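Take a look at the structure set out below.
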Amino acid sequence: MEKVLADEIIATDILERLTRTLGLGIALASRDGAVLWANDRMHAEFPGVFTPDSEMRAALGRVTAADVLGAQAVEESVGEIGGRVLRGGSLRRSIVHDDARVYRYFSIPVARSSEHAGAELTAHCLLDVTPEKHLFDRYRSDLHQLSSMKEIISLLYESMSTPEVLNMILVSVTARQGFGFNRAFFLEASGDRLRGRLGIGPASVDEAHRIWSRLSESNSSLRETLHGVSSSGEPADAQTHALALHMDLPLTSGSNGEHGAGIVASCREGRPDLVTRSSTLPVEERKLFDMLGVDALAVVPLRIRERLAGVLLADNFITRRPIAAEDLALLKTFSGYAGVALERSALHDELTLNLQKLRRAHRDLQENQKRLLQAEKLSALGSLAASVSHEIRNPLVAIGGLARSVLEDEELAGDSREALEIIVSEVKRLERFLKETLDFAKPTVDMLTPVDLTQLVRDVVATFRDEISRTGVELEVEIPDEPVVVSSSPDLVHAALSNLVKNAHEAVGPGDRIRVALALVHPEGLAAENGNGDGLRVAELEVADTGPGISDEVRELIFEPFFTTKRDGTGIGLAITKQSIRNVGGNILFESRPPFNSVFKVQLPVTVRRMP
Amino acid sequence: MKRKVLVTDDDLGIRKFYERELRRRDYEVILASNAQEAIEKAREERPDVVVMDIRMPGMDGIQAMNRLLEENNELPIIINSAYSSYKESFMSWSADAYLVKSTDTTELISTIEMLLEDRSVCL
């Protein structure tokens, strides 16, 4: 036994030296696992655990605790240690003590005596690696934050418009996978003031729990969180945002501050700062702290090139967690990227605006071109119509006039008289055509006079009524009792209405209906803006028919000069009608309103005065 | 005494038509087929009223009218054209009336009568 002890003492002496140089905690165990001896370090670290004759396995079990590694992991490790100890093997395993110190465990077989070459004793060593573990954890967390930062930045650069980018910045600051602040605000530098523009984060503890538990349940990635926030558009942070909109700081304040501390001072110097509530702050900033209900704010100025774009404020309103220097350092790094993203979005906004302007200009140009073309066509039509009218009218008047003259003068045989009468009536028809159609192609306007449309409609309808009913077509007429007076040219409106009724009649067959209606209406879009709408009313003359209507392809072309679908049409009737109606400040529209497949509406401005 | 009407038109059919219509209404009708002839006939015949076409070969009706008015500022002149589009500007041409040619001569006759009446009042 003495020999044994001596050997052990030699062994422990060596081990003791190891203890001094490495700071190892050492306990010796016999082959059957009983603790024989422990050094001072071991006794100091774990008093009353490694006492002689206690079970090594139990002792090791006592210095490990279920902690961050998880109970199962610790049990496994203890089990394994115990097993290996009993088998006399060597292993390495971290053991976590309950006060969060971290030890590296290993065992060394120790020769018991020179006679026995086999390892009969085992030295169980515990090396305190707490500082290393902390360094490692720190490294791991830094790595995590760096990868978060990388993700945030790539997300930031995917956002295009300024509102999108601002939202992303604030979400990054508050997201659990981002910088983990409770709330974030952006104040925009405009002129010599900082004005709150956006705020996000929960407004109360309840809301915070609701939002955070939902987020942790969904276990979404930062990307999903950011996109979820930016796309869901739910006003979850309405209160916090409203708070932001109340923020307003003069950029000139704080110039007389003690050491340049404060939000504005931080902005002016362009350096991120941890600003705490204090009596030395400018009064506006103290009020801001009161409004926010916090004592500390991370203040991060955002700069576009050398210009201050605004400032980011972040706090821990809910958790009250102090803002650590590392938090601020991370935000500082982030602010550089955020500034670049903001600059990019400002350029993007400008580009978008310019693009919109260009598009609008392009569209206007196209429309002008179309109008010009239309005007050119109409002008060509006008001069063509004028010369056609002239060339036809001369011989026509000669033929018709002479025939009439002969008819009045001479004694004629019955069939000659009949022939002359036919000539006279045919010429009259041609003359009417010239008057009603070609003459209205002229670009000038007759003197505008008050015209009672009710009478005019009655006149036009009267000339067509018999002809229409003869063809088995039903004619519906709707005219108000009171006169509807427009300032226009009676001939022109007469011709336009006749033309439309004629067209309708040509489009229908027996059993169809033609509807001619006159009504006072409010032009679309104006009625709502003007209470009584007096003076804004237009007279709407409608000629509708239940004929086949007009196909969509043709619809756009019906008012185009020289466009026609009729076999013997000239394609000028509707073009001229439109032009002449336009000339008197009116408009003509086409729509389809089953059963009326073709509805032409002539709108004419109503004169305010009534006819005497 | 019959009133004299000078009808100027390059179209034979039109001249014949107005000649018949006006003669039947007891006017003395002088015809001219172009502007130059109209100016000469006006000098020789001293018409009471002139009916003038606008578009004619050579000198047009407006130029002819201005020449006629240079010689006799009191001469009533009716522009009678197949163009309807000039109607609005006739006032600036110092014509007394602007009519669009028509087989119906009612308006022409009444205009001539009105102008002659005016003239007799003035005289």
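Bear in mind that the values in this text are calculations on the coordinates, not laboratory data. Small disclaimer: the values here were computed from a predicted structure and weren't measured.
Between residue A:17 and residue A:143, 0.36 nm times their residue separation minus their Cα-Cα distance comes to what?
The span from residue A:17 to residue A:143 would gain 41.5 nm if fully extended.
If I stretch the segment between residue A:355 and residue A:469 completely, what's the gain in nm (0.36 nm per residue apart, minus their alpha carbon distance), one decimal?
Fully extending the segment from residue A:355 to residue A:469 adds 35.2 nm.
Counting only residues 5 or more places away or on other chains, whose amide H sits under 5 Å from the amide H of residue B:30 once H atoms are built in the peptide plane?
Close amide H contacts, sequence-distant or interchain: B:5, B:6, B:7.
Which of the residue pairs A:428/B:41; A:357/A:601; A:150/A:287; A:377/A:601 have a Cα-Cα distance greater than 25 Å in the structure shown?
In this structure, A:428/B:41; A:357/A:601; A:150/A:287 lie more than 25 Å apart at Cα.
Which pairs in the list A:370/A:502; A:435/B:101; B:16/B:101 are over 22 Å apart, alpha-carbon to alpha-carbon?
Result: A:370/A:502 exceed 22 Å.
With the Cα gyration tensor of chain B giving a ≥ b ≥ c as the square roots of its eigenvalues, does the rule (a/c under 1.5 for rounded; else a/b larger than b/c for prolate; else oblate) give rounded, prolate or oblate?
Judged from the Cα gyration tensor, chain B comes out rounded (a/c under 1.5).
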